[in-house]
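For reference, the structure discussed in these notes is given below.
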Amino acid sequence: MDRKVDKSAKTKRPPAVPGGPANGRSASAERVRRHREKMKATGLKPVTIWVPEDYKSPEFRAEIRRQCLVLKNDPHERQILAEIEDWYDAEGWK
């Protein structure tokens with residue numbers, strides 16, 4: 001049942017555009033790369049948060065409420081929040 005799939009045609013990058021970046025990246029991809037490098041240099045790490053498309057649905061809201069209520073009186077959660085408060089430093093923030 002295992003079939004070999006020829007991915008070579010799909011994975012090849014298009015040829016470089018004359019006058020564009022030498023590595024074949026588009027101008028927007030290059031801007032994103034520079035932005036990510038700048039953020040990384042300041043100690044930040046990109047995080048992707050996936051949110052369902054139906055985040056306004058009653059079922060999703062009910063699940064969020066359920067999860068919040070589970071955490072409401074959890075001692076471990078209180079400990080984590082207390083530690084965050086101890087570490088928090090608002091100096092320099094606008």
Note, the stretch 65-78: 3J(HN,Hα) by Karplus (6.51, -1.76, 1.60, θ = phi - 60°), whole Hz, Gly/Pro = x, goes 4, 4, 5, 5, 5, 4, 7, 3, 10, 6, x, 5, 5, 4
For residue 66 and residue 28, calculate 0.36 nm times their separation in residues minus their Cα-Cα distance, and state this gained length in nm to one decimal.
-> 9.6 nm
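How far, in nm, would the chain grow between residue 90 and residue 51 when pulled straight, counting 0.36 nm per residue and subtracting the alpha carbon separation? List each step's numbers first, then the result.
Values: separation 39, 0.36 × 39 = 14.04 nm, distance 2.86 nm.
Taking 0.36 nm per residue and subtracting the Cα distance, the gain is 11.2 nm.
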Diffing the stretch 47-56: the Karplus 3J(HN,Hα) column from phi (6.51, -1.76, 1.60, θ = phi - 60°), in whole Hz with x for Gly and Pro, holds 10, 9, 10, 8, 10, x, 5, 9, 5, 9
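Every number in this text was worked out from the coordinates using simple rules, so none of it is lab data. From a predicted model like this one, the values you see are computed outputs, not experimental measurements.
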